[in-house]
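**Q** This is the structure I have questions about; it appears just below.
The values are calculated or read from the model by the stated rules, or taken from the named source; none is laboratory data. Because the structure is a prediction, the values reported are computed rather than measured. Here the Cβ positions follow ideal geometry from the backbone for every residue, glycine too, while neighbour counts run over all protein chains shown. Only protein heavy atoms, including side chains, enter the accessible area calculation; ligands, DNA and RNA are left aside. Shrake-Rupley method; radii C 1.70, N 1.55, O 1.52, S 1.80 Å.
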Amino acid sequence: MTDKNDLTNTKIRALKSSTSALKNGSTVSVNVPIGAMRVVFAYPASLQDLSSVKDVNGLEAEIVSGFSKTTANVEGANGYDAIEYKVYYIDFANPNDKDNYFTFKI
């Protein structure tokens with residue numbers, strides 16, 4: 001995200017989706033583009049907590065402790081009933097200045 005505004009249902013639904021269903025133990029790589037001010041990773045609350053986040057360009061450093069956690073009710077496609085999601089995010093002091101990747105593990 002290029003802003004640090006509230007994490008609303010609409011913003012969470014607009015995030016890029018995984019190409020496969022997430023489950024406990026899933027690993028997902030997320031591009032952190034130039035200009036990003038916030039990185040957000042959200043998934044159904046029925047899954048376990050996030051266990052790891054690796055900064056790929058930062059020598060695979062473990063950065064999960066830098067993420068904040070909240071929950072949000074997120075509607076399904078076509079306005080279907082909302083379910084609770086775990087939402088993890090990290091805010092940067094300055095816009096990201098080079099392409100990067102984070103690897104998330106549930």
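**Q** Suppose we keep only residues that are in a helix (DSSP H, G or I) and open to solvent by 90 Å² or more (accessible area, probe 1.4 Å) within the range 63-82. Which one would you say is nearest to Ala21 (Cα to Cα)?
**A** Looking at residues that are in a helix (DSSP H, G or I) and open to solvent by 90 Å² or more (accessible area, probe 1.4 Å), I get Asn78.
**Q** Where residues in the range 8-17 are more than 11 Å from the chain's Cα centre (by Cα) and within 17 Å of Lys86 (Cβ to Cβ), which of them is surrounded by the fewest Cβ atoms within 10 Å (Cβ to Cβ)?
**A** Thr8
**Q** Applying the selection to the range 38-62, what residues are at pLDDT 95 or above, assigned to a loop (DSSP other than H, G, I, E, B) and surrounded by fewer than 15 Cβ atoms within 10 Å (Cβ to Cβ)?
**A** Of everything in the range 38-62, those that are at pLDDT 95 or above, assigned to a loop (DSSP other than H, G, I, E, B) and surrounded by fewer than 15 Cβ atoms within 10 Å (Cβ to Cβ) turn out to be Ser46, Gln48, Asp49, Ser51.
**Q** On to the next question. How many residues are part of a loop (DSSP other than H, G, I, E, B), under 23 Å from Asp99 (Cβ atoms), at pLDDT 85 or above and basic (Lys, Arg) when one looks only at the range 5-37?
**A** Count: 0.
**Q** In this structure, does Tyr85 turn out to be in a strand (DSSP E or B), touching a residue at least 24 places away in the same chain (Cβ under 8 Å), touching a strand residue (DSSP E or B) at 6+ places or on another chain (Cβ under 7 Å) and crowded, with 16+ Cβ neighbours inside 10 Å? Working first, answer last.
**A** On the way: in a strand (DSSP E or B): yes; touching a residue at least 24 places away in the same chain (Cβ under 8 Å): yes; touching a strand residue (DSSP E or B) at 6+ places or on another chain (Cβ under 7 Å): yes; crowded, with 16+ Cβ neighbours inside 10 Å: yes.
The answer is yes for Tyr85.
Quick grid of which residues meet (1) within 13 Å of the chain's Cα centre (by Cα); (2) not charged (D, E, K, R):
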| site | (1), (2) |
| --- | --- |
| Gly35 | no, yes |
| Arg38 | yes, no |
| Phe41 | yes, yes |
| Gln48 | no, yes |
| Val56 | no, yes |
| Leu59 | no, yes |
| Glu62 | no, no |
| Glu75 | no, no |
